[in-house]
Amino acid sequence: MGWIVGTLILWGLKLIVTPFAKLLAGDKVKVVTPAAPPPSGDTALQDGTGALPAPPAPVEPQVIIPTGYYILADVLVLGLAGLLLGLFTGSYFIGFSWRAKDWPGMIAFVVASLFGSVMY
């Protein structure tokens, strides 16, 4: 049961990690707007109805944080959170993440919560 709680904590702390990583990266953060898909031709002329084709869906810009800054922020935030949780609860937490760049923070979280639980 502890690994479920640990995973939920890891996922919840991403709400703090991402803005902190943006703050650390400063002007190295890139905002990229993906290219819209090209129109598939003038269907209004092809089908003979005279109706205009639907406009393409708006494309949302994507924020790209450099991986090094993201990992640094992740390790700092999750390491501190793991230490505090271990100190206050006396138990350690195990979490899981599917993304490889989240693993250093996840490992810091587990080790720090284990260290905090030993100090409890």
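Nothing in this text is a laboratory measurement; each read-out follows from the coordinates by a stated rule. In this text, all values refer to a predicted model and were calculated from it rather than measured experimentally. Don't worry about glycine lacking a Cβ; one is built from the backbone with ideal geometry, like all the others, and counts go over all protein chains shown.
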Going by amide H atoms built from the backbone, whose H comes under 5 Å of the H on ILE94, apart from near neighbours? TRP3, GLY6
Please sort 75-81, 18-24, 109-115, 96-102 by packing, taking for each peptide the average over its residues of neighbouring beta carbons within 10 angstrom, highest first. 109-115, 75-81, 18-24, 96-102
